[in-house]
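Asker: Mind looking over this structure? Questions follow.
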Amino acid sequence: QVQLVESGGGLVQPGKFLRLSCAASGSNFRIYRIGWYRQAPGKQRELVARINSGGSTVYVDSVKGRFTISRDNAKNTVYLQMNSLKPEDTAVYYCNSIAGPPGSAQQYEYWGQGTQVTVSS
C-alpha cells in the first residue's frame, strides 16, 4: 500500500556530494522508521542510515560524519545527504520503510527499486 520511489543518484567525483530522495506515496500509513540500504557489487546489502518516528537515527560506521538522514513529513519524503563521497560508497541505494495503519499494531516492510550511486574520478 506504500510506494517508495528513489531519486538523486548518479555519477559523482570523490569528495563531492549527492542528495538522495525517497518519496512515499499511497495509503496514509504511519511510517515507524525509514532509511537507506545499499548493495555494492559482490557485497551484502547493508544498512546505511535510518530514522524512526521519534527522530532517532542510526548510521553505519563508515558513513558517520559524512552522511545525514532527514525527513520531511509534509512531503512524505526522506533524504540522504551524502558528503565527501568515496569510491567505496558506490552501490545501489535502496529506500526501506516499516509502516502500518495509524492506530494499529500491524507493520509492513516496503522497498524502493533502488538508485545507482557511482563515485569515480
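Asker: Scan the range 63-78 residue by residue and report those that are on the phi < 0 side of the Ramachandran plot and either surrounded by 15 or more Cβ atoms within 10 Å (Cβ to Cβ) or not polar (S, T, N, Q) (or both). Before you say what the answer is, go through the steps one by one.
Answerer: The first filter runs over the range 63-78 and keeps only residues on the phi < 0 side of the Ramachandran plot, leaving 63-64, 66-75, 77-78.
Of everything in the range 63-78, those that are on the phi < 0 side of the Ramachandran plot and either surrounded by 15 or more Cβ atoms within 10 Å (Cβ to Cβ) or not polar (S, T, N, Q) (or both) turn out to be V63, K64, R66, F67, T68, I69, R71, D72, A74, K75, T77, V78.
Asker: Looking at the structure I just gave you, is V60 open to solvent by less than 40 Å² (accessible area, probe 1.4 Å) and either at pLDDT below 95 or under 12 Å from L4 (Cβ atoms) (or both)?
Answerer: Details: open to solvent by less than 40 Å² (accessible area, probe 1.4 Å): yes; either at pLDDT below 95 or under 12 Å from L4 (Cβ atoms) (or both): no.
Answer is no for this residue.
Asker: Another question, then. Given the conditions (1) closer than 23 Å to A74 by Cβ; (2) touching a Leu at 6+ places or on another chain (Cβ under 7 Å); (3) outside any strand (DSSP E or B), which single one is not true for P14?
Answerer: That leaves (1) as the condition not met.
Asker: In the range 1-50, which residues are open to solvent by 90 Å² or more (accessible area, probe 1.4 Å), of a type in the set (S, T, N, Q) and touching a residue at least 12 places away in the same chain (Cβ under 8 Å)?
Answerer: Within the range 1-50, Q1, Q3, Q13, N28 qualify.
Asker: Considering the range 84-104 alone, what residues qualify as being open to solvent by 50 Å² or more (accessible area, probe 1.4 Å) and hydroxyl-bearing (S, T, Y)?
Answerer: Filtering the range 84-104 down to residues open to solvent by 50 Å² or more (accessible area, probe 1.4 Å) leaves 84, 86-88, 102-103.
If the condition is that a residue be open to solvent by 50 Å² or more (accessible area, probe 1.4 Å) and hydroxyl-bearing (S, T, Y), then S84 is the only one that fits.
Asker: Next question, about the same structure. Consider R19 against the criteria (1) of a type outside the set (A, V, I, L, M, F, W, C); (2) farther than 20 Å from G100 by Cα; (3) outside any strand (DSSP E or B): it satisfies all of them except one. Which criterion is unmet?
Answerer: Going through the list (1) of a type outside the set (A, V, I, L, M, F, W, C); (2) farther than 20 Å from G100 by Cα; (3) outside any strand (DSSP E or B), R19 breaks only (3).
Asker: Sticking with this structure for a sec: Tell me the residue from Q81, Q107 that is in contact (Cβ under 8 Å) with a residue 40 or more places away in the chain and open to solvent by 60 Å² or more (accessible area, probe 1.4 Å), please. It would help to see each step written out before you state the result.
Answerer: Values: Q81 fails: open to solvent by 60 Å² or more (accessible area, probe 1.4 Å).
Just one listed residue meets the conditions, Q107.
Asker: Counting residues that are closer than 20 Å to L18 by Cα and touching a strand residue (DSSP E or B) at 6+ places or on another chain (Cβ under 8 Å), which strands (runs of 3 or more DSSP E) fully inside the range 36-121 reach at least 1?
Answerer: Working: elements: 46-52, 57-59, 67-72, 77-82, 91-100, 108-111, 115-119.
By residue number, 46-52, 57-59, 67-72, 77-82, 91-100, 115-119.
The values are calculated or read from the model by the stated rules, or taken from the named source; none is laboratory data. A quick note: this is a predicted structure, and the numbers were derived from the prediction, not measured. Please note: Cβ atoms are built from the backbone with ideal geometry, for glycine as well, and neighbour counts cover all protein chains shown. Heads up: the accessible areas ignore ligands, DNA and RNA and are worked out on the full protein's heavy atoms, side chains in. Shrake-Rupley method; radii C 1.70, N 1.55, O 1.52, S 1.80 Å.
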